[in-house]
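The values are calculated or read from the model by the stated rules, or taken from the named source; none is laboratory data. Predicted, not measured: the structure shown is a model, and the values here were computed from it. With ideal geometry, Cβ positions are generated from the backbone for all residues, glycine too; neighbour counts draw on all protein chains shown. Please note that ligands, DNA and RNA were not included when accessible areas were found on the heavy atoms of the full protein model with its side chains. Shrake-Rupley method; radii C 1.70, N 1.55, O 1.52, S 1.80 Å.
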Amino acid sequence: MSEKISVEVCVGTSCHLMGSNLIMECLDRLADNIKERIDLRYVQCMDRCGKGPNVRIAGVLLDKVTPETVVEEIKKSLI
Ligand code: FES
């Protein structure tokens, strides 16, 4: 089994207002074979509130993400 990749979703107030809840819902619906390969964490703020919603995937900070781009980036990181 390959190593898990870290996925951190900012759930602070600004990112929440900009849609981080939609990202959380989308991640919850991922297929089990993807879910078991990610280490999902929620963080309170990434100090980039004006550019939310923010997500960090395998150490790379992505801003103004959509659920679609997050899933795409996760899949790319798992290849
Ligand atoms: S609330 Fe997400 S970066 Fe501050």
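Counting other Cβ atoms within 10 Å, which GluC sites (Glu not before Pro) in the chain have at most 13 and lie in a DSSP loop?
3, 36
List, in order, the whole-Hz ³J(HN,Hα) value for each residue of segment 24-32 obtained from phi through the Karplus relation with A = 6.51, B = -1.76, C = 1.60 and θ = phi - 60°; use x for Gly and Pro.
4, 4, 5, 5, 5, 8, 4, 4, 4
Share of segment 5-78's accessible area from carbon and sulfur, percent, 1.4 Å?
Answer for segment 5-78: carbon and sulfur cover 49 percent of the accessible area.
Compute the angle between helix 67-78 and the longest alpha-carbon principal axis of the chain, please, reported from 0 to 90 degrees and rounded to the nearest 10.
40
If amide hydrogens are placed 1.01 Å from N in the peptide plane, which non-local residues have theirs closer than 5 Å to the one on residue 43?
Amide H to amide H, under 5 Å and 5 or more residues apart or across chains, residue 43 pairs with 9, 10, 11.
Beyond 14 Å, what share of the Cα-Cα pairs of segment 5-78 is found? Please give it as a whole percent.
Roughly 52 percent, once rounded to a whole number.
Show which lysines lie in cross-link reach of residue 51 when reach means a straight Cα distance below 21 angstrom and same-chain residues fewer than eight apart are skipped.
Result set, ordered by chain and number: 64.
With r as the distance between the Cβ atoms of residue 51 and residue 26 and R0 = 22 Å, compute the FRET efficiency 1/(1 + (r/R0)^6) and round to 0.05.
Computed FRET efficiency for residue 26 and residue 51: 0.70.
Would you mind working out the magnitude of the charge dipole of the chain relative to its Cα centre, with +1 at each Lys and Arg C-beta and -1 at each Asp and Glu C-beta, to the nearest 20 Debye?
140
List the trypsin sites (Lys or Arg not before Pro) within segment 21-78 that DSSP assigns to loop and that have no more than 12 neighbouring Cβ atoms inside 10 Å.
29
In percent, what relative contact order does segment 1-63 have, based on Cα pairs under 8 Å that are 6 or more apart in sequence?
50
Quick one: accessible area per residue over the chain, 1.4 Å probe, rounded to a whole number of Å²?
Dividing the accessible area of the chain by its residue count gives 62 Å².
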